[in-house]
Amino acid sequence: MDLDRSSAHKLSREGYVALASDLYGDGAFYDDPRQANASLAPLFHEPARLRAKIVAAFETLRGLPQVDAERVGAIGFCFGGMCALELARSGAPARGVVSFHGLLNTHARAKAGEVQAKLLILTGERDPYAPSGDVEALRDELRHAGADHHITIYSEGWHAFSDDEAAEMEQVPGVRYDPLIDRLAWAQTLAFLEATVKENV
């Protein structure tokens, strides 16, 4: 949650209107990520409902008076990275979508011609939650869908490479913060959003 808030603040300093959506509901917050399973499980078991909630959050942002509804994007981290990809798969009119160390599989693959967003997928080669097979399956899915996508694989990246609180999650296997990759990924994201959301493309 702190990563979401800090990222929203960083985006606002770049001139964006940022909305951090609460997909768990009721403001649920977990210091230990393992405790989140109780909130995550129902969403994973009802993927269509999850996608509907993601689209609803996107439409809420588009409806704000200070937002240009034709220039909206989405970014997400870990579970949020998966949610960002689900938004793109839904066919929502997003300009650009960024997934940071997100889960890459889906219940409903993107359909040909329906993905409107350009995608930037940032993943780590050492991330056990996004193995190479999932990366290749996503690449194949997006190619068949005709989606404009860019996949960056950080060779030394683990899961949560951009989360500076990952150092406190040693009990979670496969999780490791990397300050260099964090900086590289954020710089890449800002350049991507500049080119997709801010500019006339």
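Structure data summary
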read-out: Filtered residue count, the range 113-127, keeping only those that are under 20 Å from V55 (Cβ atoms), among the small types (G, A, S) and touching a Phe, Trp or Tyr at 6+ places or on another chain (Cβ under 8 Å); value: 0
read-out: Selection from the range 119-142 of residues that are part of a strand (DSSP E or B) and of a type outside the set (S, T, Y); value: L119, L120, I121, L122, G124
read-out: Checking W186 against (1) crowded, with 18+ Cβ neighbours inside 10 Å; (2) within 27 Å of D68 (Cα to Cα), the condition it does not meet; value: (1)
read-out: Number of the condition not met by G133 [criteria: (1) open to solvent by 10 Å² or more (accessible area, probe 1.4 Å); (2) over 25 Å from P173 (Cβ atoms)]; value: (2)
read-out: Filter result for the condition that a residue is among the polar types (S, T, N, Q), over 22 Å from P47 (Cβ atoms) and surrounded by 14 or more Cβ atoms within 10 Å (Cβ to Cβ), over T152, T123, T106; value: T152
read-out: Some residue of the range 2-12 being of a type outside the set (F, W, Y), modelled with pLDDT under 80, surrounded by 11 or more Cβ atoms within 10 Å (Cβ to Cβ) and under 26 Å from H107 (Cβ atoms); value: yes
read-out: Residue tally, condition open to solvent by less than 10 Å² (accessible area, probe 1.4 Å), part of a loop (DSSP other than H, G, I, E, B) and within 18 Å of W158 (Cβ to Cβ), over the range 74-103; value: 2
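Condition check ((1) at pLDDT below 95; (2) not in a helix (DSSP H, G or I)) across all residues:
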{"residue": "R109", "(1), (2)": "no, yes"}
{"residue": "H144", "(1), (2)": "no, no"}
{"residue": "T152", "(1), (2)": "no, yes"}
{"residue": "F161", "(1), (2)": "no, yes"}
{"residue": "Q171", "(1), (2)": "yes, yes"}
{"residue": "D182", "(1), (2)": "no, no"}
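The values are calculated or read from the model by the stated rules, or taken from the named source; none is laboratory data. Here the structure is a predicted model, which means the values were calculated and not measured. FYI the Cβ positions are ideal-geometry reconstructions off the backbone, even for glycines, and counts take in every protein chain you see. Accessible surface areas use protein heavy atoms only, side chains included; no ligands, DNA or RNA. Shrake-Rupley method; radii C 1.70, N 1.55, O 1.52, S 1.80 Å.
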